[in-house]
Amino acid sequence: MTLQYNSGVVVENGCTMYLQRELWLKKHSQEKLPPWPCPRACGGTLQAQKKSFASESTHESLQHRDNERWELDWDRGVIVGLLLCSRCMEAVAIGGDQTQAYEFDWDQVTNQPSPYFEQFIRPVWFHPPLPFFPVPDDVPEEVRTPLMEAFATAWVSPSSAAARIRAALETLMDANKVQRKKRKTNGTYYELKLHPRLEIFGEKHPKIQEHLLAAKWLGNVGAHESDLSDDVLLDAFEFVSIVLHHLYDDRVKRADDRVRVVNKSKGKK
Ligand SMILES: [Zn+2]
């Protein structure tokens, strides 16, 4: 396993530990699909099997063809295809919406813009689902499950995905045995909500306290609003990735230990 450093982010087998925003929740050129990571987290990336892709225009799109002003870039379709992992050959199916547009290159000879036609995919599902960031091996199953559900639903419903992130934070507190109840002065107990549980946990992990609370706020928004933006969901995934790597990634934990030693000795050996 080769580790290298790239802009301060640890890179393992070509995949960064944290979320690479440019890969997710966008339309992509059908000819240049991005290097989505293998769902088996083998370190490989997914390669489009171009011959497997098939698309058809939507019913609404076909009706527009009767319009005398119809142009090719009005067309909308649905598309399916297969991707294969470059390393372990895992197969992944992709489905989504297809659009097309005229794009422009600059023609160096004529010094004029040169139009070309490009088709785009907006993914709606992957099967099996793709992890938006590498989940450390030691993350408990009860945290991993709602997180994988968030990854699977992110493409169609960012709000639902954010709500599953909130559920993952609840189970993260359970897995770390953060108290669920607090004693009142009269001796009875009341249930603690997620926010105070995160604060209690954050006191022991000050480096990630802010990330935990920020992920929870975004999860709350997702639970109450149906039109959470893609960017906000990616923020929530990014905060959770930092939390999980801090808690469960051995490399980060070892680096934290070294930081403590250096700070204590003020850099002296
Ligand atoms: Zn693979």
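The values are calculated or read from the model by the stated rules, or taken from the named source; none is laboratory data. On a predicted model such as this, the values are computed, not experimentally measured, just so you know. Positions of Cβ are backbone-derived with ideal geometry, glycine not excepted, and every protein chain shown enters the neighbour counts.
Brief remarks on what is shown
- When Ala91, Ala101 are checked against the criterion of being under 27 Å from the mean Cα position of the chain (by Cα), more than 16 Å from Phe120 (Cβ to Cβ) and small (Gly, Ala, Ser), a single residue qualifies: Ala91.
- Flag for Ala54 being assigned to a strand (DSSP E or B) and surrounded by fewer than 16 Cβ atoms within 10 Å (Cβ to Cβ): yes
- Some residue of the range 84-99 being modelled with pLDDT of 85 or more, over 27 Å from Met148 (Cα atoms), more than 16 Å from the ligand (Cβ to nearest atom) and in contact with a Phe, Trp or Tyr (Cβ under 7 Å, 6 or more places away or on another chain): yes
- Scanning the range 140-192 for residues that are farther than 22 Å from Asp97 by Cα and not in a loop (DSSP other than H, G, I, E, B) yields a total of 28.
- Among the candidates Glu68, Glu22, Glu60, residue that is under 30 Å from Pro134 (Cα atoms), acidic (Asp, Glu) and either outside the structural domain of Phe151 (by TED's automatic domain parsing) or more than 16 Å from the ligand (Cβ to nearest atom) (or both): Glu22
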